[in-house]
Structure formats: C-alpha cells, structure tokens
1. Please name all residue pairs, on different chains or six or more residues apart, with Cβ atoms under 8 Å, provided the first residue is in segment 318-331 and is within 22 Å of Asp295 (Cα to Cα) and in a helix (DSSP H, G or I) and the second residue is open to solvent by 60 Å² or more (accessible area, probe 1.4 Å) and not aromatic (Phe, Trp, Tyr).
2. Can you find a residue that is within 22 Å of Arg29 (Cβ to Cβ), surrounded by 15 or more Cβ atoms within 10 Å (Cβ to Cβ) and among the small types (Gly, Ala, Ser) anywhere in segment 146-166?
3. Given the criterion at pLDDT 80 or above and either surrounded by fewer than 16 Cβ atoms within 10 Å (Cβ to Cβ) or in contact with a helix residue (DSSP H, G or I) (Cβ under 8 Å, 6 or more places away or on another chain) (or both), identify the matching residue among Ala306, Ala353.
4. Scanning for something modelled with pLDDT of 85 or more, β-branched (Val, Ile, Thr) and open to solvent by less than 10 Å² (accessible area, probe 1.4 Å), does segment 271-284 turn up at least one residue?
5. Test Thr338 against the stated conditions and say whether it is under 31 Å from the mean Cα position of the chain (by Cα), over 26 Å from Ala276 (Cα atoms) and crowded, with 17+ Cβ neighbours inside 10 Å.
6. If I go through segment 209-252 residue by residue, how many of them are surrounded by fewer than 18 Cβ atoms within 10 Å (Cβ to Cβ) and modelled with pLDDT of 80 or more?
7. Quick test of your reading of the structure: Gly187 fulfils all but one of (1) farther than 22 Å from Leu73 by Cβ; (2) modelled with pLDDT under 90; (3) open to solvent by 20 Å² or more (accessible area, probe 1.4 Å); (4) of a type outside the set (A, V, I, L, M, F, W, C). Name the failing condition by number.
8. Look at segment 1-35 and say how many of its residues are of a type in the set (Phe, Trp, Tyr) and open to solvent by less than 20 Å² (accessible area, probe 1.4 Å).
Amino acid sequence: MIDGIYEAAIVPENWPAVLRDTARIANCREALLGTVLHDDVRLLASSPAFCADYEDILRRIPFAVNERAQRLLACGRHGFITDEDVFSDDEIARQPIYQDLLIPSGYGSGVATVIAAPTGDTTIVHCERSFAEGIVDGAAIAALDRLRPHFARAGLLGRRLAMERARAASQALEMMGLPAAVLGLNGRVLDVNALFQDLIPGVFLDRAARLALAYGPADDMLATVIAGFARPDLPQLVRSLPIPARRGANPMVVHVAPVRGRARDIFSFAGAIIVATPVAAGAGPDAGLIAGLFDLTPAEARLAAAIAAGHPPRDAAARLGVTEATARTTLKRILAKTGTRRQADLVGLLKSAAGPR
C-alpha cells in the first residue's frame, strides 16, 4: 500500500487504485484525493461515479461555502477525523449538504484529513460511506493515520514533479525559438521561459489576478479562455488570439493549449500552456495557414483568404460557390475569432501574416 502511494505520485494514473485500497482500509465505499488552491479544487476518486457525484456537490455548494469542508480545514488535528468530530447530531439534521445531497446519494459518513503544503495549496484525503453505516471506527482511523505521512510526502513529490514538467515544457519551446508560459487554472503564471519574459510588459502583463495582454481586444478573448480552464466539459472555441503590429513590432498570434486530464494536474493546477508565434510581413497567407493561426474552419479560412486577396464578400461568395448571405454570416464568425471588428481590420491582420518565422 505504501509503495503504491509513492508510485502514484510519479505515475498519477495509479491514484484510483490506491484510493480504492484506502477506502477498503477505512471500511468505506469510496475514497477521494483533492487538492485546493485559492478555492480552485481538483479531484481524483476511487471511481468515476464518485468523482462525478462530488463534483456535482461542489457545483451546488462551492468549496468556499461548503460547511463540511470548511470545518475539516478549521479542525487543526494532524490526523483523520470523522463527521462526529466537527458536527453534532442536531447540526447534521439541519445541514443542507447532508440532508439534501450526501444522505440521499448514499453517502454522509466520512473520514478525512487535511495536509497543508509549503506551496500554499492543501491536499485532502477523504473516505466516504453511507450515513446508515455509522461513524468509521477507531481501528480504521488508526490505520489511516499510519498512512497519512506517506500521503503527505507523495503529495510533495507530486507537486515538485508537476512544476518540473511545466518548466520543462516552457524550456523545450524556448529551444524551438517560441516564447511560452505555463498558466494555472486561475490564469496566473506558473512558469515562463526567457523569450516570453522579454515580451513583458510590451505584449503581456503579469498581473496579480491573471496574465493579461496589453492589446485590449485580444485580452478580452484571453479572459474568456481562462474562465473555461476549470470547466473542461465546456467547449472553448477561441484558443488563438491575434495581436496586430504595434509600435513597429511585428504582429503575432498567441496560442492557448489547455492542459487536460484529472490525474495529470491533480497537484500542478496547470490550466494551459500559452505560446506566442511571431508572424512576418508578406502579401498574405493561404487558407491553410489562416486556419491554423486563428482556429478557423476550412470554409471560414477560404473566405478569409479570399477577402485578404482583395475580394469583397459578394465576389468572394461567388468565387466560393456560396450565397452572399452565407458569406456575410461566415464573415461575422471570422471577425469574432480573429478579434477584429471591421473588414478592413481583418484584411490588415491577414495581410501581415505570411507565415511563422
């Protein structure tokens, strides 16, 4: 069991099996590993169903106002505790999280511990069974307490490895000549390479709340993308953010690649890798390059290329074999994805993008 905990810190895909063993030791149905930083919560569970149930609970009662979670954090005991340690029977009978969510879902009797990390984040190891099964007994708690130091060390190892992976990613992109940064789930900078650092504050602004772009329209798009980091179930349509030439500098496109997978980022809180691609001046790109730079569909890219070549929407529609109404609807989507407001701005942006350097 102890070997499995340390292996999972290096191979995160092993955590569900470790958590199933942890639940058996506690005589519980399920177990959960959670990490919390600035009210951002990452969960990994012994089964997909239990993880989905708990994510639903946190959506309905967020962590910051979840009385059960907050009392666990406030307890201060360096070991596993039960609901009985922080709630009276009368309080459980009145708490909505028990009466409306946990007990009807077949849960309600838990045993958990909190482990504070030097990085400022918190790890929670939590086992759960039905309310009808009663409080977890002392022998099971003693067994879990013997495992607690190993969970703490594995968490520290997992965090260190996660940060090294983020640093390695940004450095590898630097070797390719690309400015890159790793962003947390809240949009704050976790790591940057030297090329990216050179773009601060001219292109990027390293603010306390989140990384920002000096060019307002692109920054509005970036804010929308960052808001979706914590919701992998939602589509993120805009991930390439165009920045026109400013103050004599070449234009560039900022690409945002979300980091996916619960197991991969349980300790890292990485939301995305962001890469800045400079583009050289030229007569205008072809449809394939436009599609890659701005996340356009093939139809959108063909229309954009025709407009960049000097054809108004009516002529472009005729050349592409579509109606003028279809072309104008498609043009609206292109303007939204490229962060431009007028056709003239779009033409200027596309003509400046002959290809990545």
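The values are calculated or read from the model by the stated rules, or taken from the named source; none is laboratory data. From a predicted model like this one, the values you see are computed outputs, not experimental measurements. Cβ coordinates were reconstructed from backbone atoms using ideal geometry, including for glycine residues, and neighbour counts include every protein chain displayed. Side chains are part of the model used for accessible areas, which takes the heavy atoms of the whole protein and leaves out ligands, DNA and RNA. Shrake-Rupley method; radii C 1.70, N 1.55, O 1.52, S 1.80 Å.
1. Matching pairs, first to second residue: Leu320/Arg302; Ala327/Arg314; Ala327/Leu320; Thr330/Val322; Leu331/Gln343.
2. no
3. Numbers: Ala353 fails: at pLDDT 80 or above.
Result: Ala306 is the single residue among Ala306, Ala353 that is at pLDDT 80 or above and either surrounded by fewer than 16 Cβ atoms within 10 Å (Cβ to Cβ) or in contact with a helix residue (DSSP H, G or I) (Cβ under 8 Å, 6 or more places away or on another chain) (or both).
4. Here is the first cut: in segment 271-284, the residues modelled with pLDDT of 85 or more are 273-276.
Within this subset, residues satisfying the condition of being β-branched (Val, Ile, Thr) are 273-275.
Right, trim to open to solvent by less than 10 Å² (accessible area, probe 1.4 Å) and you get 274.
Looking through segment 271-284, at least one residue is modelled with pLDDT of 85 or more, β-branched (Val, Ile, Thr) and open to solvent by less than 10 Å² (accessible area, probe 1.4 Å).
5. Values: under 31 Å from the mean Cα position of the chain (by Cα): yes; over 26 Å from Ala276 (Cα atoms): no; crowded, with 17+ Cβ neighbours inside 10 Å: yes.
Against the criterion (under 31 Å from the mean Cα position of the chain (by Cα), over 26 Å from Ala276 (Cα atoms) and crowded, with 17+ Cβ neighbours inside 10 Å), Thr338 does not qualify.
6. Total satisfying the criteria: 8.
7. Tallying (1) farther than 22 Å from Leu73 by Cβ; (2) modelled with pLDDT under 90; (3) open to solvent by 20 Å² or more (accessible area, probe 1.4 Å); (4) of a type outside the set (A, V, I, L, M, F, W, C), Gly187 fails exactly one: (3).
8. Step one: filter segment 1-35 for residues of a type in the set (Phe, Trp, Tyr), giving 6, 15.
Narrowing further to those that are open to solvent by less than 20 Å² (accessible area, probe 1.4 Å): 15.
Summing the residues that are of a type in the set (Phe, Trp, Tyr) and open to solvent by less than 20 Å² (accessible area, probe 1.4 Å) in segment 1-35 gives 1.
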